[in-house]
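Notes for the one structure printed next.
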Amino acid sequence: MKDTGNRKIEKNVDALYVHIPFCEKKCEYCDFCTFINMSREYEKYTEALVKELKMYPEYEYDTVYFGGGTPSLLPIELLSYIMENIKYKKEGEITLELNPNDMSPEKLIKLRKLGINRLSIGIQSFQDHVLKFLGRLHSGEDAIRVFRDARNAGFENISIDLMFGIPNQSLEDLKKDLETIIQLSPENVSIYSLIWEEGTVFWSKLQKGILSEMDQDLEAEMYEEIIDFLKKNGYGHYEISNFSKKGMGGVHNLKYWRNKEFIGAGLSAATYCKGKRYSNVRSFSKYYRCIEENIFPVDDKSIEIVDKEEEKKLKNMLGLRLTEEGTEYFEAEEVKKLLDNGLLERFDGGKRMRLTEKGILLANDVFVEFI
(Lines give C-alpha, C1' and ligand atoms only; values in the text may rest on other atoms or scores of the structure.)
Protein backbone atom coordinates (compact mmCIF):
# COMPACT_ATOMS: atom_id res chain seq x y z
CA MET A 1 0.00 0.00 0.00
CA LYS A 2 1.81 3.11 -1.22
CA ASP A 3 1.45 6.75 -0.23
CA THR A 4 -0.17 8.80 -2.99
CA GLY A 5 1.76 11.89 -1.99
CA ASN A 6 -1.39 14.01 -1.84
CA ARG A 7 -2.58 14.76 1.69
CA LYS A 8 -6.18 15.82 1.88
CA ILE A 9 -7.97 16.73 5.08
CA GLU A 10 -10.46 14.11 6.24
CA LYS A 11 -12.67 14.13 9.31
CA ASN A 12 -13.69 10.54 10.00
CA VAL A 13 -10.64 9.76 12.16
CA ASP A 14 -9.67 12.00 15.06
CA ALA A 15 -7.52 9.83 17.36
CA LEU A 16 -3.81 9.11 16.97
CA TYR A 17 -1.61 6.70 18.92
CA VAL A 18 2.18 7.15 18.60
CA HIS A 19 4.36 4.25 19.76
CA ILE A 20 7.79 5.06 21.18
CA PRO A 21 9.41 1.63 21.73
CA PHE A 22 12.34 2.65 23.93
CA CYS A 23 12.83 1.82 27.61
CA GLU A 24 15.66 2.27 30.07
CA LYS A 25 14.95 -1.23 31.39
CA LYS A 26 12.65 -4.05 30.28
CA CYS A 27 10.27 -4.94 33.11
CA GLU A 28 10.14 -8.69 33.72
CA TYR A 29 6.33 -8.81 33.41
CA CYS A 30 6.12 -6.75 30.19
CA ASP A 31 5.44 -8.20 26.72
CA PHE A 32 5.05 -4.88 24.87
CA CYS A 33 7.15 -4.10 21.82
CA THR A 34 10.00 -2.31 23.61
CA PHE A 35 13.80 -2.17 23.40
CA ILE A 36 16.55 -1.08 25.80
CA ASN A 37 19.95 0.57 25.16
CA MET A 38 18.76 1.98 21.84
CA SER A 39 19.52 5.70 22.13
CA ARG A 40 21.43 5.40 18.85
CA GLU A 41 18.07 4.79 17.14
CA TYR A 42 16.18 7.75 18.61
CA GLU A 43 16.76 10.17 15.76
CA LYS A 44 16.41 7.68 12.90
CA TYR A 45 13.23 6.25 14.40
CA THR A 46 11.73 9.72 14.86
CA GLU A 47 12.44 10.61 11.22
CA ALA A 48 10.79 7.39 10.04
CA LEU A 49 7.83 7.92 12.35
CA VAL A 50 7.15 11.39 10.96
CA LYS A 51 7.35 10.02 7.41
CA GLU A 52 4.78 7.37 8.32
CA LEU A 53 2.47 10.02 9.77
CA LYS A 54 2.67 11.95 6.50
CA MET A 55 1.52 8.89 4.54
CA TYR A 56 -1.94 9.25 6.04
CA PRO A 57 -4.47 11.90 5.04
CA GLU A 58 -4.11 15.11 7.03
CA TYR A 59 -6.47 14.26 9.84
CA GLU A 60 -7.09 16.89 12.52
CA TYR A 61 -6.77 14.87 15.68
CA ASP A 62 -8.91 15.42 18.75
CA THR A 63 -6.64 13.18 20.84
CA VAL A 64 -2.99 12.19 20.52
CA TYR A 65 -1.49 9.56 22.80
CA PHE A 66 2.27 8.95 23.07
CA GLY A 67 2.67 5.42 24.46
CA GLY A 68 5.40 2.85 24.65
CA GLY A 69 7.83 1.95 25.87
CA THR A 70 8.73 5.17 27.57
CA PRO A 71 8.01 8.16 25.31
CA SER A 72 9.53 10.55 27.85
CA LEU A 73 12.97 9.03 27.10
CA LEU A 74 13.03 10.88 23.77
CA PRO A 75 14.86 14.22 23.89
CA ILE A 76 12.58 17.26 23.85
CA GLU A 77 13.85 18.22 20.39
CA LEU A 78 12.63 14.94 18.89
CA LEU A 79 9.27 15.06 20.67
CA SER A 80 8.91 18.62 19.40
CA TYR A 81 9.65 17.47 15.84
CA ILE A 82 6.91 14.85 16.04
CA MET A 83 4.43 17.34 17.50
CA GLU A 84 5.20 19.84 14.73
CA ASN A 85 4.15 17.24 12.17
CA ILE A 86 0.82 16.38 13.77
CA LYS A 87 -2.27 18.44 13.11
CA TYR A 88 -4.36 18.51 16.27
CA LYS A 89 -7.16 20.61 17.65
CA LYS A 90 -6.19 23.46 19.94
CA GLU A 91 -8.41 22.11 22.71
CA GLY A 92 -7.42 18.48 22.04
CA GLU A 93 -6.15 15.99 24.63
CA ILE A 94 -2.42 15.31 24.12
CA THR A 95 -1.17 12.56 26.46
CA LEU A 96 2.37 11.40 27.15
CA GLU A 97 3.33 8.32 29.18
CA LEU A 98 6.31 8.68 31.49
CA ASN A 99 8.13 6.88 34.27
CA PRO A 100 9.11 8.63 37.52
CA ASN A 101 12.81 7.82 37.15
CA ASP A 102 13.48 9.64 33.87
CA MET A 103 11.91 13.02 34.51
CA SER A 104 13.18 16.34 35.85
CA PRO A 105 11.22 19.51 36.74
CA GLU A 106 12.86 21.26 33.81
CA LYS A 107 11.82 18.61 31.30
CA LEU A 108 8.26 18.63 32.62
CA ILE A 109 8.06 22.37 32.04
CA LYS A 110 9.35 21.91 28.48
CA LEU A 111 6.83 19.13 27.81
CA ARG A 112 4.00 21.39 28.91
CA LYS A 113 5.24 24.16 26.62
CA LEU A 114 5.31 21.68 23.71
CA GLY A 115 1.55 21.26 23.97
CA ILE A 116 1.43 18.05 26.02
CA ASN A 117 -1.49 18.66 28.38
CA ARG A 118 -2.06 15.26 29.98
CA LEU A 119 0.37 12.84 31.61
CA SER A 120 0.04 9.13 32.30
CA ILE A 121 2.58 8.23 34.98
CA GLY A 122 3.63 4.60 35.37
CA ILE A 123 3.78 4.54 39.16
CA GLN A 124 2.40 0.98 39.74
CA SER A 125 2.95 1.21 43.52
CA PHE A 126 4.34 3.53 46.18
CA GLN A 127 5.74 0.63 48.23
CA ASP A 128 9.46 0.17 47.61
CA HIS A 129 9.50 -3.60 48.16
CA VAL A 130 6.71 -4.01 45.58
CA LEU A 131 8.53 -1.79 43.09
CA LYS A 132 11.75 -3.76 43.61
CA PHE A 133 9.91 -7.04 42.98
CA LEU A 134 8.49 -5.62 39.74
CA GLY A 135 11.94 -4.45 38.68
CA ARG A 136 10.93 -0.79 38.54
CA LEU A 137 13.74 1.77 38.64
CA HIS A 138 11.95 4.35 40.79
CA SER A 139 11.06 4.52 44.46
CA GLY A 140 7.81 5.54 46.10
CA GLU A 141 9.38 8.89 46.96
CA ASP A 142 10.39 9.38 43.31
CA ALA A 143 6.78 8.81 42.24
CA ILE A 144 5.42 11.38 44.68
CA ARG A 145 8.10 13.90 43.73
CA VAL A 146 7.47 13.59 39.99
CA PHE A 147 3.73 13.92 40.46
CA ARG A 148 4.19 17.14 42.42
CA ASP A 149 6.75 18.44 39.92
CA ALA A 150 4.20 17.82 37.16
CA ARG A 151 1.61 19.87 39.04
CA ASN A 152 4.13 22.67 39.46
CA ALA A 153 4.88 22.52 35.73
CA GLY A 154 1.22 23.29 35.00
CA PHE A 155 -0.27 19.84 34.32
CA GLU A 156 -3.89 19.87 35.41
CA ASN A 157 -4.79 16.46 33.98
CA ILE A 158 -2.73 13.56 35.31
CA SER A 159 -3.46 9.84 35.24
CA ILE A 160 -1.51 7.33 37.30
CA ASP A 161 -1.15 3.56 36.90
CA LEU A 162 -1.70 1.28 39.88
CA MET A 163 -0.97 -2.45 39.88
CA PHE A 164 -2.44 -5.11 42.16
CA GLY A 165 -2.42 -8.89 42.36
CA ILE A 166 1.37 -8.91 42.69
CA PRO A 167 2.72 -12.00 44.52
CA ASN A 168 4.59 -10.12 47.28
CA GLN A 169 1.88 -7.46 47.71
CA SER A 170 -0.43 -7.49 50.73
CA LEU A 171 -3.86 -5.94 51.11
CA GLU A 172 -2.25 -3.50 53.54
CA ASP A 173 0.27 -2.48 50.85
CA LEU A 174 -2.60 -1.75 48.50
CA LYS A 175 -4.47 0.29 51.12
CA LYS A 176 -1.36 2.43 51.68
CA ASP A 177 -1.14 3.01 47.90
CA LEU A 178 -4.77 4.10 47.79
CA GLU A 179 -4.26 6.52 50.69
CA THR A 180 -1.32 8.08 48.86
CA ILE A 181 -3.35 8.38 45.67
CA ILE A 182 -6.06 10.31 47.49
CA GLN A 183 -3.44 12.66 48.96
CA LEU A 184 -2.03 13.36 45.47
CA SER A 185 -5.50 13.62 43.90
CA PRO A 186 -4.85 12.66 40.26
CA GLU A 187 -7.64 13.17 37.75
CA ASN A 188 -7.58 9.53 36.59
CA VAL A 189 -6.46 6.22 38.06
CA SER A 190 -5.84 3.22 35.79
CA ILE A 191 -5.62 -0.13 37.56
CA TYR A 192 -4.00 -3.34 36.33
CA SER A 193 -3.75 -6.77 37.87
CA LEU A 194 -0.52 -8.59 37.15
CA ILE A 195 -0.92 -10.64 33.97
CA TRP A 196 1.45 -13.54 33.42
CA GLU A 197 2.29 -13.04 29.75
CA GLU A 198 3.86 -15.96 27.94
CA GLY A 199 7.40 -15.17 26.82
CA THR A 200 8.19 -12.78 29.69
CA VAL A 201 10.73 -13.37 32.45
CA PHE A 202 7.91 -13.58 34.98
CA TRP A 203 6.22 -16.28 32.90
CA SER A 204 9.43 -18.29 32.81
CA LYS A 205 9.83 -17.98 36.58
CA LEU A 206 6.21 -19.06 37.05
CA GLN A 207 6.79 -22.20 34.95
CA LYS A 208 9.92 -23.03 36.94
CA GLY A 209 8.13 -22.59 40.27
CA ILE A 210 10.29 -19.61 41.27
CA LEU A 211 7.19 -17.42 41.40
CA SER A 212 3.58 -18.28 42.09
CA GLU A 213 0.33 -16.49 41.33
CA MET A 214 -1.55 -14.61 44.01
CA ASP A 215 -4.51 -16.35 45.60
CA GLN A 216 -7.57 -15.52 43.48
CA ASP A 217 -9.71 -14.64 46.49
CA LEU A 218 -7.13 -12.12 47.71
CA GLU A 219 -6.83 -10.61 44.22
CA ALA A 220 -10.63 -10.26 44.04
CA GLU A 221 -10.61 -8.66 47.50
CA MET A 222 -8.02 -6.16 46.28
CA TYR A 223 -10.15 -5.27 43.27
CA GLU A 224 -13.19 -4.72 45.50
CA GLU A 225 -11.10 -2.61 47.88
CA ILE A 226 -9.96 -0.39 45.00
CA ILE A 227 -13.50 0.07 43.71
CA ASP A 228 -15.00 0.84 47.12
CA PHE A 229 -12.18 3.13 48.23
CA LEU A 230 -11.99 5.24 45.08
CA LYS A 231 -15.77 5.56 44.82
CA LYS A 232 -15.98 6.73 48.44
CA ASN A 233 -13.37 9.36 47.65
CA GLY A 234 -15.13 10.92 44.68
CA TYR A 235 -13.89 8.89 41.72
CA GLY A 236 -16.34 7.56 39.18
CA HIS A 237 -15.78 3.98 38.00
CA TYR A 238 -16.40 4.73 34.33
CA GLU A 239 -14.53 1.74 32.83
CA ILE A 240 -13.59 -1.66 34.23
CA SER A 241 -9.98 -0.58 34.84
CA ASN A 242 -10.38 3.19 35.13
CA PHE A 243 -11.60 5.72 37.67
CA SER A 244 -11.77 9.47 37.30
CA LYS A 245 -12.95 12.69 38.80
CA LYS A 246 -16.13 13.89 37.13
CA GLY A 247 -15.57 14.64 33.45
CA MET A 248 -11.83 13.86 33.61
CA GLY A 249 -11.71 10.35 32.14
CA GLY A 250 -9.18 9.74 29.39
CA VAL A 251 -10.83 10.89 26.16
CA HIS A 252 -8.41 8.98 23.93
CA ASN A 253 -9.07 5.60 25.52
CA LEU A 254 -12.80 6.26 25.52
CA LYS A 255 -12.59 6.30 21.73
CA TYR A 256 -11.20 2.75 21.79
CA TRP A 257 -13.98 1.52 24.07
CA ARG A 258 -16.62 3.21 21.91
CA ASN A 259 -15.13 1.41 18.89
CA LYS A 260 -14.16 4.63 17.11
CA GLU A 261 -11.58 4.57 14.33
CA PHE A 262 -7.99 5.57 15.10
CA ILE A 263 -4.54 5.71 13.56
CA GLY A 264 -1.50 4.03 15.13
CA ALA A 265 2.01 5.04 14.08
CA GLY A 266 5.33 3.41 14.94
CA LEU A 267 6.53 -0.13 15.61
CA SER A 268 3.71 -2.58 16.44
CA ALA A 269 1.13 0.24 16.63
CA ALA A 270 -2.44 -0.84 15.91
CA THR A 271 -4.83 0.98 13.55
CA TYR A 272 -8.58 0.72 12.99
CA CYS A 273 -9.57 2.60 9.87
CA LYS A 274 -11.99 2.22 6.95
CA GLY A 275 -13.23 -1.21 7.95
CA LYS A 276 -9.81 -2.70 8.67
CA ARG A 277 -7.83 -3.47 11.80
CA TYR A 278 -4.11 -4.08 11.53
CA SER A 279 -0.80 -3.66 13.33
CA ASN A 280 2.58 -2.45 12.16
CA VAL A 281 5.67 -4.64 11.93
CA ARG A 282 7.68 -5.15 15.13
CA SER A 283 11.29 -4.94 13.87
CA PHE A 284 13.29 -1.80 13.13
CA SER A 285 14.74 -3.20 9.90
CA LYS A 286 11.33 -4.04 8.41
CA TYR A 287 9.88 -0.76 9.61
CA TYR A 288 12.67 1.35 8.12
CA ARG A 289 12.60 -0.57 4.83
CA CYS A 290 8.87 0.05 4.39
CA ILE A 291 9.21 3.74 5.17
CA GLU A 292 12.12 4.11 2.73
CA GLU A 293 9.99 2.50 0.01
CA ASN A 294 7.04 4.76 0.87
CA ILE A 295 4.95 1.73 1.90
CA PHE A 296 2.79 1.56 5.01
CA PRO A 297 4.73 -0.63 7.51
CA VAL A 298 1.82 -3.00 8.10
CA ASP A 299 2.23 -6.60 9.22
CA ASP A 300 0.14 -8.30 6.53
CA LYS A 301 -0.68 -11.21 8.84
CA SER A 302 -2.42 -8.83 11.23
CA ILE A 303 -4.96 -7.41 8.75
CA GLU A 304 -8.54 -8.08 9.80
CA ILE A 305 -11.58 -7.02 7.77
CA VAL A 306 -14.29 -5.64 10.02
CA ASP A 307 -17.68 -6.14 8.38
CA LYS A 308 -20.94 -4.77 9.77
CA GLU A 309 -21.58 -7.86 11.90
CA GLU A 310 -18.08 -7.82 13.38
CA GLU A 311 -18.28 -4.07 13.95
CA LYS A 312 -21.49 -4.51 15.96
CA LYS A 313 -19.95 -7.34 17.98
CA LEU A 314 -16.88 -5.26 18.77
CA LYS A 315 -18.97 -2.25 19.73
CA ASN A 316 -21.08 -4.33 22.12
CA MET A 317 -18.13 -6.08 23.75
CA LEU A 318 -16.07 -2.92 24.13
CA GLY A 319 -19.12 -0.99 25.30
CA LEU A 320 -19.61 -3.39 28.19
CA ARG A 321 -16.24 -2.21 29.53
CA LEU A 322 -17.88 1.17 30.10
CA THR A 323 -19.42 0.50 33.48
CA GLU A 324 -21.64 3.60 33.52
CA GLU A 325 -22.33 4.20 29.84
CA GLY A 326 -22.75 0.58 28.80
CA THR A 327 -23.94 -0.39 25.33
CA GLU A 328 -27.17 -0.62 23.37
CA TYR A 329 -29.42 -3.51 24.36
CA PHE A 330 -29.77 -6.27 21.80
CA GLU A 331 -31.59 -9.59 21.79
CA ALA A 332 -29.29 -12.59 22.13
CA GLU A 333 -29.17 -15.84 24.09
CA GLU A 334 -25.93 -14.74 25.77
CA VAL A 335 -27.54 -11.50 26.91
CA LYS A 336 -30.58 -13.28 28.36
CA LYS A 337 -28.33 -15.67 30.29
CA LEU A 338 -26.25 -12.84 31.75
CA LEU A 339 -29.36 -10.86 32.68
CA ASP A 340 -30.86 -13.90 34.39
CA ASN A 341 -27.63 -14.46 36.33
CA GLY A 342 -27.55 -10.84 37.52
CA LEU A 343 -24.36 -9.95 35.64
CA LEU A 344 -26.05 -7.47 33.28
CA GLU A 345 -28.80 -4.93 33.85
CA ARG A 346 -30.93 -2.86 31.51
CA PHE A 347 -31.29 0.91 31.98
CA ASP A 348 -32.34 4.05 30.10
CA GLY A 349 -35.84 2.67 29.70
CA GLY A 350 -34.45 -0.71 28.66
CA LYS A 351 -32.61 0.74 25.64
CA ARG A 352 -29.14 0.10 27.04
CA MET A 353 -27.38 -2.46 29.22
CA ARG A 354 -24.33 -2.51 31.44
CA LEU A 355 -22.52 -4.69 33.93
CA THR A 356 -23.93 -4.93 37.44
CA GLU A 357 -21.59 -4.73 40.45
CA LYS A 358 -21.49 -8.54 40.40
CA GLY A 359 -20.83 -8.45 36.65
CA ILE A 360 -17.90 -6.05 37.08
CA LEU A 361 -16.23 -8.44 39.52
CA LEU A 362 -16.79 -11.34 37.08
CA ALA A 363 -16.11 -9.34 33.91
CA ASN A 364 -13.89 -11.96 32.30
CA ASP A 365 -16.71 -14.51 32.54
CA VAL A 366 -19.08 -12.02 30.94
CA PHE A 367 -16.81 -11.37 27.96
CA VAL A 368 -16.27 -15.08 27.39
CA GLU A 369 -20.01 -15.35 26.69
CA PHE A 370 -19.66 -12.97 23.73
CA ILE A 371 -16.57 -14.55 22.16
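Summary table below
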{"read-out": "Carbon + sulfur, % of accessible area of the stretch 88-193 - ligands and nucleic acids excluded, 1.4 Å", "value": "45 percent"}
{"read-out": "Contour minus Cα-Cα distance for Glu328 and Val251 (0.36 nm per residue)", "value": "25.7 nm"}
{"read-out": "Inter-label distance, nm, simple model (7 Å from Cα along the C-beta direction), Lys208/Trp196", "value": "1.5 nm"}
{"read-out": "Qualifying trypsin sites (Lys or Arg not before Pro) in the stretch 230-298, DSSP loop, other Cβ atoms within 10 Å at most 10", "value": "Lys246, Lys274"}
{"read-out": "DSSP beta bridge pairing in the chain, given as percent antiparallel to the nearest 5", "value": "40 percent"}
{"read-out": "Spatial separation of Cα centroids for the stretch 191-221 and the stretch 273-316, in angstrom", "value": "31 Å"}
{"read-out": "Lone cysteines, the chain (no partner Cβ under 4.7 Å)", "value": "Cys23, Cys33, Cys273, Cys290"}
{"read-out": "Listed candidates (i) 35, 26, 20; (ii) 28, 26, 20; (iii) 31, 28, 21 - label of the one calculated as semi-axes √(5λ) of the Cα gyration tensor in Å", "value": "(iii)"}
{"read-out": "Linear extension gain, Met38 paired with Lys231, 0.36 nm per residue minus alpha-carbon span", "value": "65.3 nm"}
{"read-out": "Residues of the chain: accessible area per residue with a 1.4 Å probe, Å²", "value": "49 Å²"}
{"read-out": "Rounded FRET efficiency, nearest 0.05, which uses the C-beta distance separating Lys113 from Arg282 and R0 of 30 Å", "value": "0.35"}
{"read-out": "Share antiparallel - DSSP beta bridges, the stretch 130-265, percent rounded to 5", "value": "45 percent"}
{"read-out": "Mean separation of Cα contacts under 8 Å, 6 or more apart, over the residue count of the chain: relative contact order %", "value": "16 percent"}
{"read-out": "Spin-label model distance (nm) - Ser170 vs Leu314, 7 Å beyond Cα toward Cβ", "value": "4.6 nm"}
{"read-out": "Trypsin sites (Lys or Arg not before Pro) within the stretch 107-211, DSSP loop, no more than 14 other Cβ atoms inside 10 Å", "value": "Lys208"}
{"read-out": "Pairs beyond 20 Å (Cα-Cα), from Lys260/Lys315; Lys246/Lys312; Lys26/Lys260; Lys276/Lys312; Lys260/Lys313; Lys232/Lys358", "value": "Lys246/Lys312; Lys26/Lys260"}
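The values are calculated or read from the model by the stated rules, or taken from the named source; none is laboratory data. Owing to the predicted nature of the structure, the values given are computational and were not obtained by experimental measurement. Note that each Cβ is placed from the backbone with ideal geometry, even for glycine, and that neighbours are counted across all protein chains shown. Remember, those area values only see protein heavy atoms, side chains included, never the ligands or the DNA or RNA. Shrake-Rupley method; radii C 1.70, N 1.55, O 1.52, S 1.80 Å.
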